[in-house]
Amino acid sequence: MESRDLEQIDQFLGMVSKSSLLEYYELAADASGDDAEQAIKRRRGWAQGQQANPKFREEALWLIRNQALLRKVLVDEREDYVAEVNSRKVSREIDKLAPLAKGTMVTGVLTADAERFIHQEAADLGVPEDRVNELIEKLLVETGARRDVAAPAAPTPSSAPFEDYYKLLNVPHTATREEIEAAHRAQYRQARSLKSLEDASARFAKLDEAWRHLSDPARRKAYDALHQQHASGSGAVEEADFFLPPPPGAIPSPTAKTEPGPPQRPPAPTPTPPAGPLNNRPTFGGGSSGVAQSPMAQPPMVTPPPVAPPRPPDLGGNRAPPPPQGVVSVPSSIPASRKRQPRLTVVSADVITLEVGRKPVTHSFVVKNAGQGRMPGRVTSDRDWLVVTRTRLDPDAAQQDVQVTIDPSKMPRGKATGVVTVVTDLGDRRSINMEVTRKALSTPILIGVALLVLVMLAVIAFVVGAMQGGDEPAPAAGAQSSLNIEVNPDAEKIFVNGELVAEIGRARVLKGFTPGEPIKVSASHAGFKTVEQTVVVPAGVDHTVNLRLELAELLTALPDKSARLQPLDAGATAQAISTRIAQLQDCLRQNLTSRPGLTASVTLDVYTTPPGALHAVAFTKNNFDDEAAPLDCLRRQLRVVRFPAVEGADFGVHKGTQIEQLVTSGKG
């Protein structure tokens, strides 16, 4: 995950006093993508109602502005985020464990009992075995301490079978440490699926024992010697010589060669602790403990290192290390590397524009699995007038058709927009925005209705005139002059003879000018050059003038690498672009008439300013050889789109918008 995303999330979590987004949204690590989507939507609805509440305003605004980031973290990259949460929790637990482990090395010697105690404490904190070993090695270097390499007491013959750790981990003798670590993790995941808790605990204990011996170079060298000896037919006594732990309190014998050092002062007598389960613990340097000592001769007393505070008695048996409190376990079915074999591809434009009549219409698109493996998933829509025929994907199909039925009778108005979403169980998703317009009555029907109305009015007028009689009506006055102003793209302000007449893209003017005399018409819009034109409107004529706005800048300067970018909300961006989709498609249809029959397609990325104005557009792909006319037209139309606003970043960005249009021979 990107560090910038984590920093934003950490600031928010500090605001709401939560340890993770999963805790904030009350989601489990193995929750489905749909559950995460619903949780995000529910919380967004809450946030929209709390913007005016001073108590929750900052929290609500952050949620509304960062919808794309939340979907990225909780839906698309949830496994990575869970791993990051767990890693941070483990780091905090290691910080707690380090002083305790360092205290066992104050005498300059790390005994086997002390090391075993460190591993037990780490298991209670949920720290992985490899991280504990790294901590011990680091502290040995920092303190200058050494491991106690004294020979253990003479073992008794054992009939326990030899444990082949290489076979247990299913790796060859020549396996590297990285291969052994990967095999250890894989076997650990397998052990989690065991139904019996006792079997699972025993399996965990064996795997940890194998990791301790094969991850440490010195221990592995000793084990390899034992392994070779066992393969040649040696018995179990030799095995015990290598791996039976020394009895509690065992230290180097008085006759063993020791390193020179300052003379030791005899320690003060230590009172014998009372008998009890809390005192049945190994000691870390000598002296008595609550368990029976080895029958070997007692060596001279040395000052024991500090002992950790007492802990509850061990009830016996092997058990798996519990996860630390607050750490979310990643499901074993999800690989840590997030190597997704299947890959979702939808063959369709991002925005689809349709015109329908009164009867239901079916639209279809193709869903492909561009990777390998099964791809289960679902198809949903956010409108009741968009009915998805197949709601579940065929997980074994490499390609499948998805049909969406548009029911015009359920549309709330003549023009509506809905979103169809395809999402796999692995988190891949693709949304298609459908802009549907319900056609009015056909032209022949309208003409017939109009004629019928005229006939009825004429009949009524004749009857009324015949009944009232009187003189003939006076002739009608002369027709009034009018001026129709059309601006492309839509203008923000339109002036006639310097007077503001409209603040929209078009205007109809009936007064404020003199027919037959020159009239100065102008239009303006932010980001465009002001356009002016002088026209003369004859008396009694309905005159139309068309104005074309030209960009003040080319909108090709992309943000530099140091700029802070924030992804725009995909749904809101698609909705904003859909307001100009007809004009965008006209750019392709009207400027590529030399290529009749071509389904023109262009893919683009937009970069916006914090208030939501277009800053730059990059055309990443098209099938009409980068012809300038359609691309310039697209820039002009996109400049008047109002995109979602962003805060806390220099620019907003949305990539991969696709626009398609069939080109005909004419310009209609």
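The values are calculated or read from the model by the stated rules, or taken from the named source; none is laboratory data. Since the structure is predicted, the reported quantities are computational estimates derived from the model, not experimental observations. Cβ sites come from the backbone with ideal geometry, for glycine too, and all protein chains shown count toward neighbours. Quick note on the areas: whole protein, heavy atoms, side chains included, nothing else; ligands and nucleic acids left out. Shrake-Rupley method; radii C 1.70, N 1.55, O 1.52, S 1.80 Å.
Quick notes
- When the stretch 1-40 is limited to residues that are among the hydroxyl-bearing types (Ser, Thr, Tyr) and within 17 Å of residue 78 (Cβ to Cβ), the one that is farthest from the chain's Cα centre (by Cα) turns out to be 19.
For every residue, the table says whether it meets (1) open to solvent by 30 Å² or more (accessible area, probe 1.4 Å); (2) without any contact (Cβ under 8 Å) to a residue 40 or more places away in the chain; (3) in a loop (DSSP other than H, G, I, E, B); (4) out of contact with any strand residue (DSSP E or B) (no Cβ under 6 Å at 6 or more places or on another chain).
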position: 501; (1), (2), (3), (4): yes, yes, no, no
position: 507; (1), (2), (3), (4): no, yes, no, no
position: 515; (1), (2), (3), (4): yes, yes, yes, yes
position: 523; (1), (2), (3), (4): no, yes, no, no
position: 532; (1), (2), (3), (4): yes, yes, no, no
position: 538; (1), (2), (3), (4): yes, no, yes, yes
position: 543; (1), (2), (3), (4): yes, no, no, no
position: 554; (1), (2), (3), (4): yes, no, yes, yes
position: 561; (1), (2), (3), (4): yes, yes, yes, yes
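- Applying the criterion of being touching a Ser or Thr at 6+ places or on another chain (Cβ under 9 Å) and closer than 22 Å to residue 77 by Cα to the residues of the stretch 396-426, the residue that is most open to solvent (accessible area, probe 1.4 Å) is 425.
- Once the stretch 485-499 is narrowed to residues that are within 25 Å of residue 553 (Cβ to Cβ) and touching a Gly at 6+ places or on another chain (Cβ under 6 Å), the residue that is surrounded by the fewest Cβ atoms within 10 Å (Cβ to Cβ) is 490.
- Listed by first and then second residue, the pairs linking a residue in the stretch 402-413 that is over 16 Å from residue 357 (Cβ atoms) to a residue that is of a type outside the set (A, V, I, L, M, F, W, C) and not in a strand (DSSP E or B), with Cβ atoms under 6 Å apart and 6 or more places separating them unless they lie on different chains, are 402/390; 403/389.
- Scanning the stretch 632-668 for residues that are surrounded by 18 or more Cβ atoms within 10 Å (Cβ to Cβ) and without any contact (Cβ under 8 Å) to a residue 60 or more places away in the chain yields 633, 634.
- Scanning the stretch 595-631 for residues that are of a type in the set (Gly, Ala, Ser), crowded, with 16+ Cβ neighbours inside 10 Å and over 14 Å from residue 553 (Cα atoms) turns up 600, 612.
- Positions within the stretch 591-649 being part of a loop (DSSP other than H, G, I, E, B), modelled with pLDDT of 90 or more and aromatic (Phe, Trp, Tyr), in sequence order: 643
- Test set (1) under 37 Å from the mean Cα position of the chain (by Cα); (2) at pLDDT below 85; (3) small (Gly, Ala, Ser) - residue 49 fails condition number: (2)
- Test: residue in the stretch 147-163 that is of a type in the set (Phe, Trp, Tyr), surrounded by 13 or more Cβ atoms within 10 Å (Cβ to Cβ) and at pLDDT 80 or above: no
- Test set (1) open to solvent by less than 60 Å² (accessible area, probe 1.4 Å); (2) touching a residue at least 40 places away in the same chain (Cβ under 8 Å) - residue 193 fails condition number: (1)
- Answer from 92, 57, 78 - the residue that is closer than 23 Å to residue 5 by Cα, within 33 Å of the chain's Cα centre (by Cα) and touching a residue at least 60 places away in the same chain (Cβ under 8 Å): 78
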